[in-house]
Structures are given as C-alpha cells and as structure tokens.
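These notes concern the structure reproduced below.
The values are calculated or read from the model by the stated rules, or taken from the named source; none is laboratory data. It should be emphasised that the depicted structure is a prediction, and the values quoted were computed from it without experimental measurement. Please note: Cβ atoms are built from the backbone with ideal geometry, for glycine as well, and neighbour counts cover all protein chains shown. In case anyone asks, the SASA skips ligands and DNA or RNA and just uses the protein heavy atoms, side chains included. Shrake-Rupley method; radii C 1.70, N 1.55, O 1.52, S 1.80 Å.
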Amino acid sequence: MTRSFREYVRQARRKGRFHISRQRLTGMLPLSDRSCTLRQPGPFRPSGTAFAAALLLPSAALAQTLTLEPTMREVREGVTRDVQLLLKLDAPAKQAFRGEIRLAGAGATAGTDFAPTVLPFTFMKGEVVKTATFTIIDDGEDEPYREQLVPSVAALSPLDTTQVPAVINAAAMGPIAILDNDNEYTVSASGGEEGGAVTVTVRQAFDSEIPAMVSAVPGGGSATPGADFAPWRVQGTLPSGTTETTLTIPLAEDDEVEGTESFPIALVDHGPGTAFFEPSQVTGRITDTTRPAEPVRIEYTEGVVKMDVRGMLIEQPFQHQSMQGTLRKHRGGDRMTLSQSNGKDLELRRYCAQDTDFGAIAADLPGLSAAEIGGGRDTGWRGAFTVDDINFDYAMAERPDGTYAGYGRQQGNVDGADVLTVHGFRVIPLSDPEPDVPRLPADPPETQVPLDDAADAVARELADELGMSPAALRPYISVTPGADGTRGDGASARAVEVEIWLDGEGRPLPADRTAPGPCDPNYGKAEPAVSRLRYRFHDTGDGIVAQGAVEDVESGRLESAFMEDFDTATDSLATAAQRAHDGLSPGLSAPQ
C-alpha cells in the first residue's frame with residue numbers, strides 16, 4: 001500500500017462511518033466495470049482494484065465540472081467550413097483524463113453535411129480549456145434550409161486508473177443549425193400569343209428563410225430578339241417561405257404571318273451556393289396570331305362635314321372614293337386589322353355596343369341604317385387613333401352575308417374651326433367561296449361506339465385519379481363524333497372523340513365554358529385552357545381500337561400520344577379507355 005493510499009484511509013477512518021454506493025457515483029468519472037460498496041463498522045477488508053479506485057474518488061462536492069460550448073449556434077453551408085467547440089473545466093484538471101465528443105444528426109446527415117462524427121480529446125493535469133473542431137461540408141445538394149446536429153460528451157475515462165479525478169459531465173448543449181445554401185429548381189415555360197408574354201415558372205423543392213433570386217435570360221432562336229420578344233433578362237424572387245415564382249417575357253406584336261416561333265431561355269441563380277435547374281434551358285414559344293389577310297373592297301357612302309367657324313355653322317356633303325384593302329383576323333377572335341390601299345391600317349377590337357346610339361349616328365349616314373352599322377347588336381368592332389390633334393374613331397358590325405358595315409368620324413379643330421366629319425362604309429370580302437364538294441352517302445354503320453358510353457368510360461377511368469365520382473367528372477367531358485369515315489357500304493363507323501380541357505396545373509375546365517364577351521364584367525379574365533386531353537375510340541367490327549393524345553392548345557403540338565395496335569383491339573370499352581389513359585399518363589389535378 002502506497003503512502004498516499006494509507007493517508008487517504010486514515011482520513012476516511014477519522015471521519016467515522018461512511019458509505020460509497022452506485023448512486024453516489026452517478027455523473028462522475030467511470031472507475032471500473034464493477035460497482036463497489038465500502039461500509040463501516042466492521043473490520044476493514046480491501047476487495048481488489050475496484051475498491052482501491054473507489055477510495056481515490058473524492059466526494060461529489062469536490063468533483064470538477066466539464067462543460068461544452070460551441071463558438072457559433074448557426075453556420076451557413078459554403079460560408080463557414082470549420083466549427084470550433086470549447087471544452088471547459090471549472091478548475092484546472094487535478095489528474096489527466098480523456099473523452100470524446102460525439103456529433104449526432106438531427107436532420108443533418110453525418111458524412112454529407114458534417115464530419116467527423118467523433119472528436120477525441122485529452123485533458124492533462126492543470127489544463128482548463130480544450131478545443132475540438134469539426135467540418136461543415138458544402139455538398140451542393142438542395143436540402144431543407146435548416147438542419148441540425150447535436151454535440152455531446154461521452155466515454156470519459158482516466159489516463160491513470162490509480163489516480164482517478166472526479167469529473168461531472170455537464171456538457172449537455174442545444175443543437176447547432178446548418179443553413180443550406182443550395183437550390184434545386186424545376187422549370188417550365190408556357191407559350192404566349194403575339195402581344196402577350198411567355199411565362200416561366202420556377203419551383204424549388206424546399207422553402208427558405210431568406211429570399212432566393214433567379215433570372216430568365218432569353219436568347220435568339222427562330223424568333224428574333226428585340227423584334228419578336230423583349231431581349232433583356234427578367235429577374236424574379238422567391239420570398240422567404242415560398243417555393244415558386246413566375247417570370248414573364250413580353251412578346252411583340254406585328255402584322256407579319258410568321259407561324260409559330262421559338263427562342264431558348266436560360267436560367268441563372270443569384271444565390272451563394274450551388275444551383276441546379278431541371279431542365280437547364282426551356283423554350284419560349286410565340287403563337288402567331290396574324291392570319292393571312294383576306295382581300296376586300298372598301299366602299300364609302302356619302303358623308304357629311306360639319307364646321308363651326310366663329311359661330312357660323314356650315315354643313316356640306318362629301319364622298320370618299322372606293323379602294324382595295326385587306327382584312328386580317330387575328331387568332332383569338334378579339335382583334336382585326338383593316339388595311340387600306342392608301343397605306344393606313346385600321347386596328348379594330350371587339351367592344352360592347354349596348355350603350356352606342358346608332359340611331360343618332362345613322363341620321364348622318366345616307367344609305368346606311370342603324371341596324372346595318374350595329375344597332376340592336378351587343379358587340380361590334382371599333383378602333384381609334386389621333387393625328388395632329390384630330391381624333392379618328394371608327395366602328396363596324398358583321399352582317400349575315402359575311403360583309404361588314406360601319407361608320408367613321410373625325411373630330412378636331414382645324415385653323416380655328418371645330419370640324420366633325422361622319423361617313424359610312426362597307427367592307428366586302430373578295431375571296432371565292434369554297435366549292436360544295438359532294439360526299440359519299442352516309443349509310444348507317446353496322447358497328448358504332450355510343451357517344452355517351454365512351455364519355456362514361458373515360459369518366460370512370462379518370463375519377464379515382466382526380467378523387468371525384470364519375471358523375472361529378474362528367475360535366476368536364478365533351479364528346480363528339482369523329483369525321484365521317486363511311487364508305488357507303490354500311491360497314492364503317494365513325495370514331496368517337498372524347499375531350500377534356502386542362503389549365504396550367506392539369507385541372508379540368510368545364511366542358512360548356514364560354515369565353516365572356518366584351519359586355520361581361522369578367523371580359524379578358526377567363527382562365528384559358530393550356531392543354532387538351534383527347535381520347536378516340538373506333539369500333540372496327542373486330543374490336544374497339546383506342547387512341548389518345550395530350551395537345552398543347554397554343555401551338556397545337558402533341559406533347560404525348562398513344563395508338564393501340566389493331567391486333568390488340570378489345571371488345572370492352574372500359575379496357576380501351578384504360579389502355580388509352582395509361583398510354584398517356586397525363587399529370588392531372590382535381591378541379592377547383
């Protein structure tokens with residue numbers, strides 16, 4: 001027995017009866033795999049190494065306390081690489097001991113977000129503070145903005161088992177947050193008509209506590225920058241807590257018949273970390289709304305000019321000469337351009353004519369009645385422009401025979417005199433009517449898919465996917481017979497076409513929807529269809545053949561298509577509907 005051990009025993013005996021138990025050692029430096037109990041009275045009987053080690057352990061009141069503190073509670077990926085942890089004793093270490101810091105992910109992943117998972121440390125006698133460092137990994141993956149890890153201290157053990165210091169492990173601490181700096185975006189683009197815009201939608205997988213900023217950069221394609229679309233980059237922000245933003249690229253309007261044009265759009269992220277766009281580039285499509293111009297003859301009726309010259313009223317007739325021109329109807333049905341051979345183009349748009357006093361206007365138009373120029377109609381076509389402070393306005397209405405009749409007015413001050421001119425005109429198309437081509441007699445076919453049965457089969461197939469009953473889905477479905485394919489022998493049947501119109505989110509739109517007219521308060525606010533889901537069923541006599549397609553409404557391009565082989569035709573309309581739908585797998589959402 002060493003001297004120090006004898007002195008320790010003498011002191012213990014002088015203090016009288018004492019008891020060291022497992023509970024007394026809780027939270028203190030581990031001594032052995034065994035628990036030990038030292039009891040008096042009774043003869044003193046040493047019981048091995050564990051007993052000797054227990055005698056070396058001071059009371060809890062004399063034990064040292066170990067704490068753990070981080071130098072920061074939040075770290076940003078890609079900005080902070082190393083994080084330092086501070087181990088502190090409340091007094092210099094009386095004896096040497098070792099331990100380890102363990103890092104456990106609470107959302108954060110070891111090896112992906114931080115490393116290592118274990119940090120060993122050693123306190124030598126007299127030391128008070130030790131540091132340990134772990135690394136934040138800039139992984140380049142989009143993750144939840146805030147992930148956490150929790151450090152803790154474990155496996156405390158003495159270097160010298162005969163000289164055991166008592167250390168209370170008080171190193172419990174809260175989590176450290178790792179803030180993600182990466183973004184993974186999905187990108188889609190919807191085309192637009194001339195004069196409208198291409199819309200780019202950018203979505204990110206996880207929201208953020210800080211705004212994310214992205215840009216859409218258009219480039220040259222079959223469409224010309226600056227002529228067909230605005231050539232500069234468009235910037236958008238995803239505010240904190242959101243996952244989606246839209247960017248719009250304005251499209252120019254022209255009178256050239258160009259067909260559908262396109263241009264590439266690259267995406268740029270302005271954040272500090274790594275960004276991925278899927279796809280990395282999208283295509284903006286411009287739908288040409290300019291239709292080929294139709295040749296017309298413009299005939300003018302006798303007009304009248306009224307002048308107020310210093311209080312003296314002068315009225316006299318005048319006559320414009322007839323001229324040739326063209327009438328171009330723009331796609332969408334709300335705009336037309338009447339081009340005159342004198343080089344002047346008149347832009348006309350649909351308007352609500354309910355409040356127009358056509359009777360008063362027709363009173364100054366010899367040869368034209370109020371009914372001819374639009375009286376009694378809800379809508380018509382109207383335009384206006386100004387030249388040298390002279391205001392021009394004009395309007396016309398379509399007649400049952402396909403011609404147009406209307407009026408034009410000019411109003412302003414010329415050399416001190418107030419002048420008003422009114423004249424009528426007719427626009428007469430010069431195109432030859434399409435010839436009436438005789439068709440083969442449409443004998444009743446022997447086999448024909450019933451229209452309602454086809455619509456019901458599609459409704460049943462889609463109902464579960466949309467979380468609706470077939471009856472609730474039926475109003476969103478339209479059904480029509482296909483083109484007449486009879487050969488006159490009674491053996492051929494017409495196909496049945498079933499359609500569902502979808503918005504940009506894949507939600508069905510009511511089949512009987514009609515765009516509001518210009519007299520409707522919601523004019524211009526109707527949600528347009530973006531795509532059309534089409535199913536076609538044809539009974540060949542040997543079975544029902546199914547086809548399907550998803551069509552982009554603006555461009556007419558088929559996004560996906562399915563055609564069943566004739567040798568796999570089925571007698572079941574339900575099976576045909578299932579095959580057609582499974583062959584397309586469109587992304588659908590329940591209607592609002």
How much length is gained on full extension from Ser560 to Ser469, taking 0.36 nm per residue of separation minus their Cα-Cα distance? 30.2 nm
Sorting Val234, Thr248, Met213 by the position of each Cα along the dipole of the stretch 183-287 (Lys, Arg +1; Asp, Glu -1; all at Cβ), the one nearest the positive end of that ordering is Met213
Rounded to the nearest Å, what's the spacing between the alpha carbon centres of the stretch 136-167 and the stretch 342-370? Just the number, please. 85 Å
Could you work out how far apart the two model spin labels at Thr112 and Thr248 are, taking each label as a point 7 Å from the Cα in the direction of the beta carbon, and quote it in nm? 3.9 nm
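Would you tally the net charge around Ala495, using a Cβ to Cβ cut-off of less than 9 Å, leaving Ala495 out, and scoring K and R as +1, D and E as -1? List each step's numbers first, then the result.
Details: positive: Arg494, Arg536; negative: Glu497, Asp539.
Surrounding charge for Ala495 is 0.
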Taking a crude spin-label model, label points 7 Å out from Cα along the C-beta direction, the Val257 to Asp520 distance in nm is 3.0 nm
For Asp228, Asp389, Asp345, the accessible-area ranking with a 1.4 Å probe, largest leading, is Asp389, Asp345, Asp228
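Evaluate the charge dipole of the stretch 384-430 about its Cα centre and quote only its size in Debye, nearest 20, assuming +1 on the Cβ of each Lys and Arg and -1 on the Cβ of each Asp and Glu.
Here the stretch 384-430 has a charge dipole of around 280 debye.
Given a Förster distance of 25 angstrom, what is the FRET efficiency for Arg310 paired with Leu420, based on the Cβ-Cβ distance and rounded to 0.05?
0.95
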Dipole check, the stretch 294-429, charges on Cβ (K,R +1; D,E -1), about Cα centroid: among Phe318, Pro400, Thr356 the Cα furthest to the positive pole belongs to Pro400
Cα lying deepest toward the dipole's positive end in the stretch 64-179, options Leu87, Thr109, Tyr145, charges on Cβ: Leu87
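With every protein chain kept in the model, how would you rank Phe277, Phe97 by accessible area, 1.4 Å probe, largest at the top?
On the way: Phe277 30, Phe97 0 Å².
Sorted by accessible area, descending: Phe277, Phe97.
Multiply the residue gap between Ala230 and Ala172 by 0.36 nm, knock off their C-alpha separation, and tell me the result in nm, one decimal place.
Answer, rounded to one decimal: 15.0 nm.
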Label point distance in nm, Glu127-Ser280, each placed 7 Å from Cα along Cα→Cβ: 4.9 nm
With DNA, RNA and ligands ignored, accessible area of Asp138 (1.4 Å probe; Å², nearest 10): 80 Å²
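Please give the net charge around Pro470, taking every other residue with its beta carbon less than 14 angstrom from that of Pro470, where Lys and Arg add +1 and Asp and Glu add -1. Let's see the in-between values first.
Details: positive: Arg460, Arg474; negative: Asp452, Asp453, Asp456, Glu461, Asp464, Glu465.
That sum, taken over residues with Cβ under 14 Å, equals -4.
Residues with beta-carbon under 12 Å from that of Val296, excluding Val296: net charge, scoring Lys, Arg +1 and Asp, Glu -1? All intermediate terms of the calculation are to be shown ahead of the outcome.
On the way: positive: Arg297, Arg328, Lys329, Arg426; negative: Glu294, Glu299.
It works out to a net charge of +2.
Test of understanding: what is the full-extension gain from Gln319 to Ala360, defined as 0.36 nm times their sequence separation minus their Cα-Cα distance? List each step's numbers first, then the result.
Working: separation 41, 0.36 × 41 = 14.76 nm, distance 2.00 nm.
Stretched fully, the Gln319-Ala360 segment lengthens by 12.8 nm.
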